[in-house]
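Structure record follows, encoded as structure tokens.
Nothing in this text is a laboratory measurement; each read-out follows from the coordinates by a stated rule. Worth saying up front: this structure is predicted, and the values here are computed from it rather than measured. Note that we place each Cβ from the backbone using ideal geometry, even for glycine, and neighbour counts take in every protein chain shown.
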Amino acid sequence: MRLSVIGCGYLGAVHAASMAVLGHEVVGVDLDADKVDALNRAQAPFFEPGLSDVLAQGIASGRLTFTTDVTLAHGSRVHFLCVGTPQKRGENAADLAYVNAAVEALLPSLEPGDLVVGKSTVPVGTAGRLAERVREVSPGAHLVWNPEFLREGHAVDDTLHPDRLVYGLPPEDVDRHSEAVLDEVYASLLAEGVPKVATDYATAELVKVAANSFLATKISFINAMAEMCEATGGDVTVLADAIGHDARIGRRFLNAGLGFGGGCLPKDIRAFMARAGELGVDQALSFLREVDSINMRRRVRMVDLAREVCGGSIVGRNIAVLGAAFKPDSDDTRDSPALNVATQMHLQGARVVLTDPQAIENARRMVPDLKFADTAEEAAADADVVVLLTEWEEYRTLDPAAFGELVAHRRILDGRNALDPAAWRAAGWTYRALGRP
Ligand code: UDX
């Protein structure tokens, strides 16, 4: 089937390439000419394991092209909306300017029977409003809401092997033409047994933000338990293992540490609260305010811990920070807890040297005042304290004895509970972590 993908950022680039791998003919549209050029050369514009391979596969097959010309979407049967919905500056609500602009740009290309398929994360009610606009200009076309649940670092795999497909279907489409078309797009996934949930617009929009809110709540819950462990001498990692054995709870997403960041969870829970306020049901989501504050408190606690191990002040202290990305296997520094902590320590007078296997360029763009190093060894050269903030595999597997030779003082703060305390202590390090004695 011929498909268009409007917006080739994280979501769109991965979606376009993955749909080509499924056998469709795909045109990806983006305003950024440099990004389009890179994608046409099968170069991923950001770090994402596996993306270059699927881009190369799609482009070599002749079924995948990228363009800045939205009129080339004409002739596609399905048009995926994959543009960003960032947090509005100075507000909690989502900024829908890109989604609105994408729909307006697409409208002249629509033919009767075409499907516009929203994948972006939007405030509940958006699909209904956009569907009205589509009907107004192109009465034979339909809009479906089909949220995406991919994780950075696993984006291609999550797209090709999703846990579920959710369709928010248009109420006027009584013969379910749009469901049949989307089934054709995802035929191979459905054949593999991927569960499908067909529902209304509001439920489909809510599924996405509910899932992200649940994940954020799970992380903040365990971080609240970390606060209790810090007050009592308990060990949050043991606690997480123990409660995680209960299948009703589950161990995944119970890793206590610096908390959640990135381009999705923080802004999505805030936009969800803002939407609840607009709908007059803000109390329903007031717990998310607490989820957000537990999360932000961990960043402050991390700086306090650095101060503690430095004898009461970090002013003039050399601090090696390992990790800038919001999580491993990503170069994304949007709302990164690691970058936030590094910046706080810098602003409070420490001499911070930051390193990351992939995210240095993005970190430098966001916080040009910090000092940067290419490797953990280089960052740690004169360190009074080493602070691990993003648990890349290469930091998890550092050899405490050899690494200890490089530092002025063997002090390490494990912001992600990623290291073995016994091994580091045995090598003469002062080891401190969040939520562990
Ligand atoms: C998230 C959702 O998982 C995904 O389904 C949705 O489509 C987009 O938002 P992503 O932002 O890529 O994906 O990252 P995720 O793996 O969910 O991690 C988010 C943050 O939570 C990271 O900063 C991570 O370090 C943190 N985290 C995760 C924890 O602190 N503890 C955990 O146990 C798990």
Check: Given Cα pairs under 8 Å that are at least 6 residues apart, what percent is the relative contact order of segment 116-230?
Finding: 29
Next item on the list: Taking the Cα centre of segment 2-199 as origin, work out the dipole magnitude from +1 charges on Lys and Arg Cβ and -1 charges on Asp and Glu Cβ, in debye rounded to 20.
Entry: 120
Margin query: Check which residues have an amide H placed less than 5 Å from V352's amide H, if you skip close sequence neighbours.
Written below: I319, K371
Notebook entry, point to check: Could you work out Rg/(2.2 N^0.38 Å) for segment 138-277, with Rg from alpha carbons only?
Noted result: 1.32
Checklist line | Virtual spin-label span in nm between E91 and T430, 7 Å along Cα→Cβ | finding: 4.7
Next item on the list: For H79, enumerate residues with amide H under 5 Å from its amide H, sequence gap 5+ or separate chain, H modeled in the peptide plane.
Entry: S4, L115, V116, V117
Note to self: Please rank L106, L55, L215, fewest neighbouring Cβ atoms within 10 Å first, as an exposure proxy.
What the structure shows: L215, L106, L55
Next item on the list: Could you work out the local net charge near A38, counting Lys and Arg as +1, Asp and Glu as -1, over the other residues with Cβ closer than 12 Å to its Cβ?
Entry: -2
Notebook entry, point to check: About its Cα centre, what dipole magnitude does the chain give when the only charges are +1 on Lys and Arg Cβ and -1 on Asp and Glu Cβ, stated in debye to the nearest 20?
Noted result: 1100
Margin query: For a quick check: sort S220, S286 by the number of other beta carbons within 10 angstrom, fewest at the front.
Written below: S286, S220
Notebook entry, point to check: In whole percent, what relative contact order does segment 200-437 give with Cα contacts below 8 Å and a gap of six or more residues?
Noted result: 21
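Using a cut-off of 14 Å between beta-carbons, work out the net charge of the residues near L285 (Lys and Arg +1, Asp and Glu -1, L285 not included).
My count for the surroundings of L285 gives -2.
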Next item on the list: Return the inverse of the average 1/r over all pairs of distinct C-alpha atoms in segment 12-133, which is the Kirkwood hydrodynamic radius, in Å to one decimal.
Entry: 15.3
Next item on the list: Determine the calculated [θ] at 222 nm for the chain from helices alone, applying -39500 (n - 2.57) to every DSSP H run no shorter than 4 residues and normalising by the residue count; nearest 500 deg cm²/dmol.
Entry: -13000 deg cm²/dmol
Margin query: Within the chain, which whole H helices from DSSP have a Cα span along their axis of at least 18 Å and a mean Kyte-Doolittle hydropathy of 0.5 or more, if any?
Written below: 201-232
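Calculate how many DSSP beta bridges within the chain are antiparallel, expressed in % of all such bridges and rounded to the nearest 5.
5
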Next item on the list: Return M19, M366 ranked ascending by Cβ neighbour count within 10 Å, so the fewest neighbours appear first.
Entry: M366, M19
Next item on the list: Any lysines with Cα under 27 Å of the K196 Cα? List them, leaving off those in the same chain fewer than 8 positions away.
Entry: K119, K208, K218, K267
Item checked: Charge dipole of segment 2-199 about the Cα centre (unit charges at C-beta), most positive-ward option of A127, A105, H79 -> A127
Notebook entry, point to check: Gain in length, D304 to T199, computed as 0.36 nm per residue apart minus the alpha-carbon separation, to one decimal in nm?
Noted result: 33.1 nm
Next item on the list: Would you work out which of N92, V29, A42 lies farthest towards the positive end of the dipole of segment 2-199? Charges go on Cβ: Lys and Arg +1, Asp and Glu -1.
Entry: N92
Checklist line | Rel. contact order, % - alpha carbon contacts under 8 angstrom, at least six apart, the chain | finding: 12
Next item on the list: Would you work out which of G280, T397, S313 lies farthest towards the positive end of the dipole of segment 270-404? Charges go on Cβ: Lys and Arg +1, Asp and Glu -1.
Entry: G280
Next item on the list: Using only C-alpha atoms and all pairs of different ones, pull out the Kirkwood radius for the chain in Å with one decimal.
Entry: 23.2
